[in-house]
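Colleague: I'd like to ask you about the structure that follows.
The values are calculated or read from the model by the stated rules, or taken from the named source; none is laboratory data. No experiment lies behind these values; they were computed from the predicted model shown. Ideal geometry is used to build each Cβ from the backbone, glycine not excepted, and the neighbour counts take in all protein chains shown. Quick note on the areas: whole protein, heavy atoms, side chains included, nothing else; ligands and nucleic acids left out. Shrake-Rupley method; radii C 1.70, N 1.55, O 1.52, S 1.80 Å.
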Amino acid sequence: MTKAVNAGWKLDSDDKACYIEVDENENETVDRSDENDSNNDDPDHCWTQWSNLPDHILERIFSHLTIKERYYASLTCSGWYRAFYLPHVWSNFLVEDATLGRMRYNYYSGWQPVLDHARLQSCLLSVGHLIRGLDFRPQVSFNNMFQFMSLISWAMEQNARTAGCPREWVGCGSRIRSLNYLFPCNMAMSEDPESIKLFGTGGQLLAALKRLMLCLTNLHSLSLVDLFLERYEANHLLDEVLESCCLVLRRLCLVNVTNVHCPIMHIGLFLNLQVLVVSPQNIDDDVLMLLADSKVKHLTLLQNRYTPPALAISPCSAKAWLTVRRDNPKLRVHLCVESTTNAVILLQPEAPVASMIYQTPKTMITSDQLVAAVDAYKYTLTVYGHEQLPATTAEAVGDGEFQERPDSLLLLLARSCPGLNALMVRECISTATILLIATSAQNLRHLYINRAQVRLGCDWPRSPDWTDEFYGWLQSTAASIEATEQEVSRILDHPYWHLLSEEQFQMASLTRHVAV
């Protein structure tokens, strides 16, 4: 048992310390050990076992930490020190401005992160052989990313030397299977989130990227986003990848390689490619002819906020899509748009489109867009919806009379597309419309509805095809939220189906219903 006491140095006449005097006054003594002793003696006291977590759980926890946080966690106990070197912890290596860097004062910009070569070398020597994925997401410092690419490329080139590799660098980067490169193309300094000032990559940074891709001979997944290259650079972007990964690449994502129409012919030359994500300005009829003879099963035409407007891009011809459907019948096309503006999807005539997903807070359902989509893809469409809520309540159009809302358009979609499996609705609709959609869609299994935009009641005019019994059931059931949820749950054979709150709706995603 420990005891707290009051003590101090005793000084002599020359102010020199002689000895320590202890004050043993029991009234002033504070003994805090009783509380700890009571915890030790308490049979119901529960001690945590964080240090004894299984390895597979520790790997998951450590994989979500930054490099600095992983280091500090490894100092806690021997079990967590061992977890620091578990393989899954370093499966994905995220490279940002401050990764393995130190702060250095810049006369013009103040304190800026600068890559610390000693720390980077020590990191690669320790865990370089465990890295399975590289994810480059720089913000302002391109020089740090260039130097990181150069050093890890040099380490992998040492492993490929015929004369032998230095022992300390053996295996560095040999397990890398995925590379994600996101270029911060928007250099707008304004605080307005919608302001855009595009700059593309190139020069020495592009050369370092191509050097790195040439070293990755076992690359299964490659993602290059928002490069905005010149045409002569874009035509040779994948030369090194085709040379090193022609047979092993399985997933390729090329978003906004250029800002103008420039087909990338290389994407049709990877013999075992299965998933392809590309912007519509980087594909044409000739590329489709190559994909018709390939093993690609899923083709996503992605438009993000930096992609040129749909009116400025020409779709592929219907003849080319018909050839693709004939020669590659297993191919499924997915149309997706991600933007902060009122962006629309560029429709591809005669394409085997399986999903249409809008990730735009300002794009609403219009009769022109939805009717055109139904006419073009009614026999192939399985997933449709708008994922994000409007940015403001003022943008939630459609919250008016029945004729102004998209109720009839959504019912047309449900009736015309027999293969529709997942539907997400954020606009204002009535409970009667929800019931009609559930009863009309033959194969609908996943229905996401924003509860805040649901109107109670039946405001549909009676159809001549409805019997008295059906119309009575529709009116009585639509009068209650609980009754509507129970009936939809029964129809969809989903016992826990319910309307979603705004938080739940924001977390929901249609992407998981797209087998990519």
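Colleague: With all protein chains present and a 1.4 Å probe, how do ASP293, ASP285, ASP226 order by accessible area, largest first?
Modeller: Most to least solvent-accessible, the answer reads ASP293, ASP285, ASP226.
Colleague: Enter the accessible area of MET103 (Å², nearest 10), with the probe set to 1.4 Å and all protein chains included.
Modeller: The value for MET103 is about 110 Å².
Colleague: Same structure again: By the scheme Lys and Arg +1, Asp and Glu -1, what is the net charge of all other residues having a beta-carbon under 12 Å from that of ALA98?
Modeller: Local charge sum for ALA98: +2.
Colleague: Also, I was wondering about something else. When only Cα pairs under 8 Å and 6 or more residues apart are kept, what is the percent relative contact order across the chain?
Modeller: Details: 926 pairs, mean separation 31.9, N = 516.
Result for the chain is 6 percent.
Colleague: Tell me the accessible surface of TRP50 in square angstrom (1.4 angstrom probe, heavy atoms of protein chains only), to the nearest ten.
Modeller: 140 Å²
Colleague: So for the chain, what are the equivalent ellipsoid semi-axes in whole Å, largest first, each being the square root of 5 times an eigenvalue of the Cα gyration tensor?
Modeller: 53, 39, 22
Colleague: May I ask what percent, to the nearest 5, of DSSP beta bridges between residues of the chain are antiparallel?
Modeller: 20 percent
Colleague: A further question follows. Sorted by packing (mean other beta-carbon atoms within 10 Å per residue), highest first, where do 318-324, 444-450 land? The partial results should precede the final answer.
Modeller: Working: 318-324: 18.1, 444-450: 20.7.
By packing density, highest mean first, the sequence is 444-450, 318-324.
Colleague: Roughly how many debye, to the nearest 20, is the charge dipole of the chain about its Cα centre, given +1 on each Lys and Arg Cβ, -1 on each Asp and Glu Cβ, and no other charges?
Modeller: Here the chain has a charge dipole of around 2880 debye.
Colleague: Roughly speaking, what is the stretch gain from THR366 to ASP55, that is 0.36 nm per residue apart minus the C-alpha to C-alpha distance, in nm to one decimal?
Modeller: Extending this stretch completely gives an extra 106.8 nm.
Colleague: OK, next. What FRET efficiency would be calculated for the residue pair MET289, ALA310, taking the C-beta separation as r and a Förster radius of 22 Å, to the nearest 0.05?
Modeller: FRET efficiency, MET289 to ALA310: 0.40.
Colleague: So, one more: Roughly what % of Cα-Cα distances in the range 316-439 sit above 18 Å, to the whole percent?
Modeller: Roughly 54 percent, rounded to a whole number.
Colleague: Right, something else. Given only helices, namely DSSP H runs of n ≥ 4 each adding -39500 (n - 2.57), what is the per-residue ellipticity at 222 nm of the chain, to the nearest 500 deg cm²/dmol? Display every interim value, and only then the final one.
Modeller: On the way: 17 runs with 162 residues, N = 516.
Computed ellipticity for the chain at 222 nm equals -9000 deg cm²/dmol.
Colleague: What shape does the range 371-515 have by the C-alpha gyration tensor, where a ≥ b ≥ c are the square roots of the eigenvalues, rounded means a/c under 1.5, and otherwise prolate means a/b greater than b/c and oblate the rest? Working shown, then result.
Modeller: Values: a/c = 1.29, a/b = 1.13, b/c = 1.14.
The shape class here is rounded.
Colleague: Continuing with the same structure: For the cross-link pairs LYS295/LYS319; LYS295/LYS362; LYS68/LYS197; LYS297/LYS319; LYS330/LYS378, which exceed 26 Å when the distance is taken from alpha carbon to alpha carbon?
Modeller: LYS295/LYS362; LYS68/LYS197
Colleague: How would you rank 151-157, 276-282, highest first, on the average number of other Cβ atoms within 10 Å across their residues?
Modeller: Put in order of decreasing packing, that is 276-282, 151-157.
Colleague: In whole angstrom, how far apart do the alpha carbon centroids of the range 418-433 and the range 219-284 sit?
Modeller: Using only Cα atoms, the two centres lie 36 Å from each other.
Colleague: List, largest first, the extents of the alpha carbons of the range 189-327 along their principal axes, each in whole Å.
Modeller: Principal extents (Cα only, largest first): 49, 38, 24 Å.
Colleague: Let me ask something additional. Out of the range 343-385, which chymotrypsin sites (Phe, Trp or Tyr not before Pro) are coil in DSSP terms and have no more than 13 other C-beta atoms within 10 Å?
Modeller: Working: sites: TYR358, TYR377, TYR379, TYR384; in loops: TYR379.
Answer by residue number: TYR379.
Colleague: What order do you get for 159-172, 113-126 when each peptide is scored by the mean count of other beta carbon atoms within 10 Å, highest first?
Modeller: 113-126, 159-172
Colleague: May I pose another question? Please label the shape of the range 234-299 as rounded, prolate or oblate, based on the square roots a ≥ b ≥ c of the eigenvalues of the alpha-carbon gyration tensor (a/c under 1.5 means rounded; beyond that, a/b larger than b/c means prolate, else oblate).
Modeller: oblate
Colleague: Moving on to the next point. When only the heavy atoms of the protein chains count and the probe is 1.4 Å, how do SER195, SER408 rank by accessible area, highest first? Walk me through the numbers on the way to the answer.
Modeller: Values: SER195 30, SER408 60 Å².
Of SER195, SER408, the descending order of accessible area is SER408, SER195.
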